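The values are calculated or read from the model by the stated rules, or taken from the named source; none is laboratory data. What you are looking at is a predicted structure, and each value in this text was computed from that prediction instead of being measured. For neighbour counting, all protein chains shown are included, and Cβ atoms are generated from backbone atoms with ideal geometry for every residue, glycine included.
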Amino acid sequence: MKKILVPSDFSKVSLEAFKFAVDLATQTGGEILMLHVLDIPIAYTTDLDGFDYSFDPRVVKAMHDKADQQFGKWKKKFGGSVKSISFHIENGPTTGVIEHFIKKRGVDLVVMGTNGATGLKEFFIGSNTEKIVRFSKMPVVAIPKSVKVSSIRNIIFPTQLKLNELSLVKRIKDLQKFFNAKLHVVYVNTPVNFRRQNILDGLLKDYVKHYGLTNCKTHIINDPYEQQGIADYANETPGSLIAMSTHGRRGLAHFFNLSIAEDVVNHVSCPIWTFSLRETK
């Protein structure tokens, strides 16, 4: 966690993400890169040849100045003792700009605030954070409300009990060590993929042994929906951070195979850490 990216629109949840990133950077000695993406307004003019589209430089400068001032206030008030906090303004579509910035700057971790998304907005559009969770090859932490790093005492790790995800589990172990937390290995038993209790008990035992997990408990949750079972368990476990994988599907593949991780990001009140399995391919 040496380079921590905080995409920000200067909203309340963006501030909570910034404060969490400062908390992380203070403990790891990392640097923070705050990114503000501008949706540039277009000035429309007409002449004899028709319409001419151009950026209004006065409006753009005003937006840059306002963002610079806001960042200065946040850095002064909430930057703490972090040695390196830089501010960057880029123009373009939010998701694409953030993706490019992650790659260009060698970002290790993305920390974003989230208000979630509901109804048709969630299904057809989704929150910006949910999109970054889907597309980012680097781990993402979604922050829905104020939280201190020191308050995280439990890592909730939902799993499908696969024995071929060593890269993911290694990341989970690193998280557990960093937070000095208890690991909760959770399997949500749904009607669609129902398994008997005694079979799941054996599979969970084998899973823990296979990956050499320590300081952990296993839990079987019976619920019609995986995401709801995970959310309910997190809400009943104070001081939690949910750690999940995502497959980063795009286009129709995402439309027909909606990610549980992305859905959970939109519906829980505790921090969520996600890791794209695309990185291992």
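Going by what's in this entry, would PHE135 be described as of a type in the set (Phe, Trp, Tyr) and in the same structural domain as ILE220 (by TED's automatic domain parsing)? Even if it seems obvious, please write down each step before you answer.
Values: of a type in the set (Phe, Trp, Tyr): yes; in the same structural domain as ILE220 (by TED's automatic domain parsing): no.
When the stated conditions are applied, PHE135 does not pass them.
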Of (1) over 23 Å from VAL265 (Cβ atoms); (2) modelled with pLDDT under 90; (3) not in a helix (DSSP H, G or I), VAL60 satisfies every one except (3)
Going through (1) modelled with pLDDT of 90 or more; (2) under 27 Å from ARG171 (Cα atoms) one by one, GLN70 fails only at (2)
**Asked** Does GLU236 satisfy the condition of being of a type in the set (D, E, K, R), modelled with pLDDT of 85 or more and within 19 Å of the chain's Cα centre (by Cα)?
**Response** no
**Prompt:** Scanning for something in contact with a Phe, Trp or Tyr (Cβ under 6 Å, 6 or more places away or on another chain) and modelled with pLDDT under 90, does region 74-91 turn up at least one residue?
**Reply:** no
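Give region 227-246 a look and list any residue that's more than 21 Å from VAL192 (Cα to Cα), touching a helix residue (DSSP H, G or I) at 6+ places or on another chain (Cβ under 9 Å) and β-branched (Val, Ile, Thr), or say none. Full working, then the answer.
Our first condition is that a residue be more than 21 Å from VAL192 (Cα to Cα); within region 227-246, this holds for 234-243.
Filter once more, keeping what is touching a helix residue (DSSP H, G or I) at 6+ places or on another chain (Cβ under 9 Å): 234, 238-243.
Correct list: ILE242 only.
Condition check ((1) surrounded by fewer than 22 Cβ atoms within 10 Å (Cβ to Cβ); (2) at pLDDT 90 or above) across all residues:
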{"site": "GLY119", "(1), (2)": "yes, no"}
{"site": "THR129", "(1), (2)": "no, no"}
{"site": "VAL133", "(1), (2)": "no, no"}
{"site": "MET138", "(1), (2)": "yes, no"}
{"site": "VAL141", "(1), (2)": "no, yes"}
{"site": "VAL149", "(1), (2)": "yes, yes"}
{"site": "ILE156", "(1), (2)": "no, yes"}
{"site": "THR159", "(1), (2)": "yes, yes"}
{"site": "LYS162", "(1), (2)": "yes, yes"}
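Just for strands (runs of 3 or more DSSP E) wholly inside region 1-56: which have at least 3 residues that are surrounded by fewer than 16 Cβ atoms within 10 Å (Cβ to Cβ), of a type outside the set (Asp, Glu) and modelled with pLDDT under 95? Can you show your working first?
Details: elements: 3-7, 31-38, 42-47, 50-55.
Result: 42-47, 50-55.
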